[in-house]
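Data block below; observations after.
The values are calculated or read from the model by the stated rules, or taken from the named source; none is laboratory data. Since we're looking at a predicted model, the values are computed, not measured. All Cβ positions, glycine included, derive from the backbone under ideal geometry; neighbour counts span all protein chains shown. Note: areas computed on protein heavy atoms with side chains; ligands, DNA, RNA excluded. Shrake-Rupley method; radii C 1.70, N 1.55, O 1.52, S 1.80 Å.
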Amino acid sequence: MKAQLIQILSLIIFLMPAAWVSAAHIHTPQKLRATRMAFIPGGSYKPLFKQRGEPAKELIKPFLMDVHAVTNEQYLAFVKANPEWRRSKVKRIFADKFYLRKWEGDLVLGDKVNPDAPVTDVSWYAANAYCKWAGLRLPTVSEWEYAANACEYKAGKEGKKELNGKLLARYSEKPPEKLPDVESCGRNSLGVYDMDGLIREWTYDFNNNYITGSAICGGGSGDASDPANYPAFIRYGFFSSLKANYSLDILGFRCVKDVK
Amino acid sequence: MNKKNLVILILIAIPAAYSVSKLNFANKNALKESSSIFYSKNDSLDKMCCVQLAPSKISENSFYQMDADWIDENGREMKLSELRGRNIILTMFYASCTTACPVMVSYMKAVENEIPSGRLSKYKFVLVTINPVNDTPGKLRQYAKGHNLAPANWILLTGKKDDIATLAEMIGFNYKQNPDGTFSHANLITFLDSEGNIVHQSDGLYQNVKKLAGMLKQQNL
């Protein structure tokens, strides 16, 4: 009888932590993400393009920004919780056929994907849904460019030239087949990583600077606030060619949050 | 089964049931927090009462994959999929727009006039605001009256800012609010077939209405 009691008690001791771990393993979006966010103080930003009548500088309110792009591992947690965003379930209108193409399966990253690298091959709709799920939002073009402009380089004309040269070199590089970890491409003075390398990132209003379609073409560039900022032209040109359901291997995203 | 085994079974089953129930609860919460703008189930189809259609599957590229809630000019909540079965002629606008929007609306009215009255019930002319802060259902109703938009043929919609942005992406309608409150926006009219697939888009303020009506006829819309 005593032996039986010991057997039962040991079973209870063995099973209770298992139940506890299962219950504690509940994935809330916040717990899953665990991404640090950097405080981006408000300020003024000079957009590359502006509409007629717009002031030369745009005021940016303070906000919080993910210090790195959303990783494959984090995105996997999102598709686990939201089956409609799994590769086999997503509707073509919201993501083209290249969506998550390097993943081995709906819920398996596989060998071709680094779990700690930024997730790429995701559409704008998917990026927007992820940020909403996490209680956040995608940054606007102005917020992203403003945060990216806080560079580690010397201030002034020379510093800008150095940054532009570095960015142009990066943009002409072919991305590696397997992307490296996030936070491997430099941290800027705001504490945000990889803004001038690694991947390009979706923004909420990525195409709203091209209302007439003439901002980039021909004489349109003459209206730019800084005609020597070639990397910005490349970014704007790149985004003007995108549709919201495109999934590209160099395109990921990060989220931001308003400061109340 | 002897008593000993029964006790062991119960001891295994209780914590297991507990953890499963917790996990289900967690999934429900996670789904609740997930985006509401995206299509997930056929529930919007179930609500359809007035469209006599075989319950065929909506295509992957159909607008009716969008599951957002909209509000019409009468304050009625609806899904876009309730328009299924009609050919849609849609643009985005804002009520206080005095430049391009009235031209786009008059262009749509001209298309309406070109369609034989017997066939008009197969169409719906849809205006979706890009200024949900200002364009309440009341304002939209006032706009419809002011522009003599026949209630049987027209519907004016407002919705959540994010749903409006998503719809705009779906048709490639670019817009941006200016510091003075006005909007810069595309001049784009989109034609959808009865299943919500884009069949034509006309870009620009000046269009050949006759040609367009001919296109609708040719495509048997």
For segment A:107-151, how big is the tail of P(r) above 14 Å, as a whole percent of Cα pairs? 66
Ordering of A:84-92, B:178-186, A:113-121 by burial proxy (mean other Cβ atoms within 10 Å per residue, highest first): A:113-121, A:84-92, B:178-186
Say the dipole of segment B:132-221 comes from +1 at the beta carbon of Lys and Arg and -1 at that of Asp and Glu; which of B:Leu140, B:Ala165, B:Gly204 then lies farthest toward its positive end? B:Leu140
What distance in nm separates the two pseudo spin-label positions at B:Asn134 and B:Ala110, each 7 Å out from Cα along the beta-carbon direction? 2.6
Please enumerate, by chain and number, the aspartates and glutamates with C-alpha under 15 Å from the C-alpha of B:Lys109, excluding those fewer than 8 residues away in the same chain. none
At each listed q (0.09, 0.18 Å⁻¹), what is the log10 of I(q)/I(0) that the Debye formula gives for segment B:43-218 modelled as equal alpha-carbon point scatterers? -0.29, -1.27
Below 12 angstrom from the Cβ of A:Ser184, what's the summed charge of the other residues (Lys, Arg +1; Asp, Glu -1)? -3
Antiparallel as a % of all DSSP beta bridges within segment B:97-221, to the nearest 5? 65
I'd like the interface area for chains A and B: accessible area of each alone minus the complex, both sides summed, 1.4 Å probe, protein heavy atoms only. What is it in Å² to the nearest 100? 3600
Mean separation of Cα contacts under 8 Å (6+ apart) over length of segment B:43-218, as relative contact order %: 28
With a Förster distance of 41 angstrom and the Cβ-Cβ distance between A:Asp116 and B:Thr182, calculated FRET efficiency to the nearest 0.05 equals 0.35
In debye to the nearest 20, the charge dipole size for segment B:43-218, taken about the Cα centre with +1 at each Lys and Arg Cβ and -1 at each Asp and Glu Cβ, equals 640
Sorted by chain and then number, the residues having a modelled amide H within less than 5 Å of the amide H of A:Ile60, at least 5 places away or on another chain, are A:Gly43, A:Ser44, A:Tyr45
Which one of B:Ser106, B:Gly85, B:Leu127 is farthest out on the positive end of the charge dipole of segment B:43-218, using unit charges on Cβ (Lys, Arg +1; Asp, Glu -1) and the Cα centre as origin? B:Ser106
